[in-house]
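> Here you go, one structure.
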Amino acid sequence: MLVMLMLALFGLMIAYFCYSVYFYGGRWVANPHNPRISSQKQSVIMGTVTDRDGTVLAYTGENGERRYNASRETRMAVSQVVGDSGGKVSTGVDTFHAQYMLGFRSSVFERVSDALTGTPQRGDDLTLTISERLSRYITEQFPEGKRGAVVVMNYKTGDVLAMVSLPQFDPLDMDAALEDEAAGALINRATQGLYPPGSTFKIVTMASALENLPDLEDFAFDCTGYYPVGSYSVTESSSHGVQTLSDAFKNSCNTTFAALSQELGYEMLGDTAEKLGFNENFMFGDMIVYNSSYPIDDLSDEDLAWSSIGQGRVLATPMHMTLIAAAVANGGVMVEPHLLARITTAQGGTRELPGSREGKRVLSETVAARLEKEMVRVVKSGTGTRAALDNGYVVAGKTGSAEASNDKSVKAHAWFVGYITNDNAPYAISVLVENGGSGGSVAAPLARKTLQKAINLGL
């Protein structure tokens, strides 16, 4: 019996080891403290990184020194995506994908070929999905002096077209970046920044209501601007009057959604949130995305009410909120975000891309269609009108103004989450401006400019 138990434990250890290598192996190799990285840099020419249009973002010079684009504006705009030569930005491509660019993935045959021809070993070249032109434009349009992030993604393919984080740094002046580290320039706020999503989380709450509550067509709530729950009260700046579910979503009525949460309960709302990726350990092959959180422990009524409007203990990254918008756009299927468009070997071949290209259903088609209808209404006549586009392009979205302090002494974080419904411009977007104020007046106009630029560039 003891022998069988020991064998079972040994088998579990082997299984866990295999699981860890499969899911975390690439992350272990890419760790900047891995001595194999520095050793490999001495003998392998690190590959080149280009954007989707062929613009060189990073390359290795003749003396073996890592170099970056000649334009400081370009270097800054893509700084957190590309990273730096010293691995200070561990999530940047130069470090996270060092396994390709330093030849760790080269086959024996490729190495033998280099040896026979006397060619110095060279790592793979990477073509990214991002557009340097769109990234630079977003940087130029972002509110001056503000921090935050903008993510633009093709919701059909999962290709990340832009992933801009501010403040930024220059990889050719890391001394300045490290001196200003307190400002967080080395943090990619798009994938690492965890913020209360505010009213953009009402997409999740509404999805849960549509999935779980009957007779919603008859739902009505009289918003007086004040909704007592537990020992607290959810308030509005003014009363909205009688609200249907559609009205409450368009007007972003906090009291209506707080009341709705009490009908849902934390279990049903938490279940929907987890289906949409909250509390999930994101193991994407192309990038590191921090885990968003939704509390699923035994909530009090007031915690539940605040959670339903994206406050309290709810936290999300801009990348995750982009994925939620993309899932609605895709009829309920959430795609995996991709940053690598192509991996080219030193011999001119191509290597298989990491990650899954299969989407995962997180919402029913019926629920996704209803959410799109309501998100279109938000942009046409609700809080998101400043995100609307001309020339026949229809934008669906949700604004958010997430409180950053209990006493409102600090400006709210401004959010806009949405997408273009037209098939010829399948762009999902998330805009987050730290302490920007109103999502409708700050984040929505930036979303409109960004989406229009993406259309103009034909991405």
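The values are calculated or read from the model by the stated rules, or taken from the named source; none is laboratory data. The structure displayed is predicted, hence computed values, not measured ones. Cβ placement follows ideal geometry from the backbone for every residue including glycine, while neighbour counts extend to all protein chains displayed. Please note that ligands, DNA and RNA were not included when accessible areas were found on the heavy atoms of the full protein model with its side chains. Shrake-Rupley method; radii C 1.70, N 1.55, O 1.52, S 1.80 Å.
> If you roll a 1.4 Å probe over the heavy atoms of the protein chains, what accessible area per residue do you get for the chain, in Å²?
On a per-residue basis, the chain sits at 43 Å².
> Now, a different point. In terms of the ratio Rg/(2.2 N^0.38 Å) built on C-alpha atoms, what value belongs to the stretch 328-367? Each step should come with its number before you reach the end.
Values: Rg = 15.0 Å, N = 40, 2.2 N^0.38 = 8.9 Å.
Dividing the Cα Rg of the stretch 328-367 by 2.2 N^0.38 Å gives 1.68.
> What does the charge add up to near residue 436, with Lys and Arg as +1, Asp and Glu as -1, over the other residues with Cβ less than 14 Å from its Cβ?
My count for the surroundings of residue 436 gives +2.
> Please give the FRET efficiency for residue 373 paired with residue 350, using the beta carbon to beta carbon distance and R0 = 51 Å, rounded to the nearest 0.05.
0.80
> Describe numerically, in nm with one decimal, the distance between label points set 7 Å from Cα along Cα→Cβ at residue 283 and at residue 121.
Once both label points are built, they end up 2.8 nm from each other.
> Considering only C-alpha atoms, what is the centroid distance from the stretch 273-330 to the stretch 422-459, in Å?
21 Å
> Can you tell me the length gained on complete extension of the stretch residue 456 to residue 178, counting 0.36 nm per residue apart and subtracting the Cα distance?
96.4 nm
> What number, rounded to the nearest 500 deg cm²/dmol, is the helix-based mean residue ellipticity at 222 nm of the chain, given -39500 (n - 2.57) per DSSP H run of at least four residues and division by all its residues?
-11500 deg cm²/dmol
> Count charges around residue 211 for me, please; just the other residues with Cβ under 10 Å from its Cβ, Lys/Arg as +1, Asp/Glu as -1.
Spelling it out: positives minus negatives among the neighbours equals 0.
> What residues have an amide H closer than 5 Å to that of residue 148, excluding those fewer than 5 places away on the same chain, when H is modeled at 1.01 Å from N in the peptide plane?
Those qualifying (amide H under 5 Å, at least 5 residues apart or on another chain) are 166, 434.
> Please express the shape of the stretch 121-225 as an equivalent ellipsoid: the semi-axes are the square roots of 5 times the eigenvalues of the C-alpha gyration tensor, given largest first in whole angstrom. Before the final figure, lay out each step's value.
On the way: eigenvalues 296, 84, 31 Å².
Ellipsoid semi-axes (Å, largest first): 38, 20, 13.
> Using only the alpha-carbon atoms of the stretch 328-406, report the extent along each of the three principal axes, biggest first, to the nearest angstrom.
Per principal axis, max minus min of the Cα coordinates gives 55, 40, 32 Å.
> Between the DSSP loop rule and a limit of at most 13 other Cβ atoms within 10 Å, which GluC sites (Glu not before Pro) in the stretch 322-368 are left?
The qualifying sites are 352, 358.
> Then there's this: Taking the simple approach of a point 7 Å from Cα along Cα-to-Cβ for both residue 385 and residue 217, what is their distance in nm?
My value for the distance between the label points is 2.9 nm.
> If one computes P(r) from the Cα atoms of the stretch 194-233, what percent of pairs lie at distances over 11 Å?
Numbers: 591 of 780 pairs.
The calculated P(r) of the stretch 194-233 puts 76 percent of pairs beyond 11 Å.
> Also, I was wondering about something else. What FRET efficiency would be calculated for the residue pair residue 140, residue 43, taking the C-beta separation as r and a Förster radius of 30 Å, to the nearest 0.05?
So, using R0 = 30 Å, E works out to roughly 0.15.
> Same structure again: So what is the relative contact order for the stretch 194-344, in percent, with contacts set as C-alpha pairs under 8 Å and at least six apart?
Rounded, it is 28 percent for the stretch 194-344.
> Let me ask you something else. Ratio to report: Rg/Rh of the stretch 327-459, with Cα atoms as the point set and Rh obtained by the Kirkwood method; give two decimals. Please list the in-between numbers first.
Working: Rg = 17.6 Å, Rh = 16.5 Å.
My calculation of the ratio gives 1.07.
> In terms of modelled amide H atoms, which long-range or inter-chain residues lie less than 5 Å from the amide H of residue 78?
Here the answer is none, since no amide H 5 or more places off falls under 5 Å of that of residue 78.
> Another one. Using the reciprocal of the averaged 1/r over all distinct C-alpha pairs, how large is the Kirkwood radius of the stretch 175-290 in Å?
16.7 Å
> Return the Cα extents of the chain along principal axes one, two and three, sorted largest first, each rounded to a whole Å.
Principal extents (Cα only, largest first): 79, 68, 43 Å.
> Another question, if that's okay. Report the local net charge at residue 279: Lys and Arg +1, Asp and Glu -1, summed over other residues whose C-beta lies under 14 Å from its C-beta.
Numbers: positive: 275, 313; negative: 267, 271, 274, 280, 297.
Once positives and negatives cancel, what remains is -3.
> Would you mind telling me the share, in percent, of accessible area of the chain contributed by carbon and sulfur at probe 1.4 angstrom?
Carbon with sulfur: 51 percent of the solvent-accessible area.
> If amide H atoms are built 1.01 Å from N in the plane of the peptide, which residues on other chains or at least 5 residues away come under 5 Å of the amide H of residue 341?
Amide H neighbours of residue 341, under 5 Å, 5+ apart: 127, 128, 129.
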